[in-house]
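Provided herewith is a single structure, encoded as structure tokens, for subsequent inquiry.
The values are calculated or read from the model by the stated rules, or taken from the named source; none is laboratory data. All values reported here derive from a predicted model rather than from experimental measurement. For neighbour counting, all protein chains shown are included, and Cβ atoms are generated from backbone atoms with ideal geometry for every residue, glycine included.
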Amino acid sequence: MQQSKPADILKAYEQLSEVTGRMRVAAANEDWDGVIALESECARIYARLTTLESGAPFDPDYQRRKSELICKLLDDDAEIRSRVSGQLTAIWQLIDGQPVVDRLSSAYGVSKS
């Protein structure tokens, strides 16, 4: 198998970074369908990236840029996960919360308005 060029690998990381940036914006805008669509795009790029990376050492500039991109990916991922977690919490509160409200209202004789 031919060894991938560092420029090809960095290009894939940059594409992945660009897509996770768009995912972060979609999550901030609560565009969950957009997040899901972009996640599929990320998966395709990541699959390609794993075939490109050979684990061979590259020069310091390559390593620095790769490190910068990975840090951005991790930062985007943390923000996306935080927003998704908040959305999931809100959904569970809607699912589980109403029976609790109903039981408390009934227990304390509060009528629903």
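From (1) touching a Pro at 6+ places or on another chain (Cβ under 9 Å); (2) closer than 24 Å to VAL84 by Cβ, pick out the condition that doesn't hold for TYR62.
For TYR62, the failing item is (2).
I'd like the residue in the range 57-102 that is modelled with pLDDT of 80 or more and among the aliphatic types (A, V, I, L, M) and, out of all such residues, is farthest from LYS11 (Cα to Cα).
For the range 57-102, the residue satisfying everything is VAL84.
Moving on. Going through the range 19-31 one residue at a time, which ones are within 14 Å of SER82 (Cα to Cα), among the small types (Gly, Ala, Ser) and surrounded by 13 or more Cβ atoms within 10 Å (Cβ to Cβ)?
ALA26, ALA27
Quick one: in the range 52-63, of everything that is part of a helix (DSSP H, G or I) and either touching a residue at least 40 places away in the same chain (Cβ under 8 Å) or surrounded by fewer than 10 Cβ atoms within 10 Å (Cβ to Cβ) (or both), which residue is farthest from the chain's Cα centre (by Cα)?
PRO60
Still on this structure: Checking GLY34 against (1) in contact with a helix residue (DSSP H, G or I) (Cβ under 6 Å, 6 or more places away or on another chain); (2) surrounded by fewer than 16 Cβ atoms within 10 Å (Cβ to Cβ); (3) modelled with pLDDT under 90, which test does it fail?
(3)
Something else: Cβ-Cβ distance below 7 Å, separation of 6 or more or different chains: which pairs start in the range 11-38 with a residue that is in a helix (DSSP H, G or I) and end on one that is basic (Lys, Arg)?
Listed pairs, sorted by first residue: ALA12/ARG48; TYR13/LYS66; SER17/LYS72; ALA27/ARG83; ALA28/ARG83; LEU38/ARG22.
A further question follows. Within the range 64-91, can you find the residues that are free of Cβ contacts under 8 Å to residues at least 40 places away in the same chain and either of a type outside the set (S, T, N, Q) or not in a helix (DSSP H, G or I) (or both)?
Across the range 64-91, the qualifying residues are ARG64, GLU68, CYS71, LEU74, ASP75, ALA78, ARG81, GLY86, LEU88, ALA90, ILE91.
How many residues does the range 23-45 contain that are under 15 Å from LEU69 (Cβ atoms) and basic (Lys, Arg)?
1
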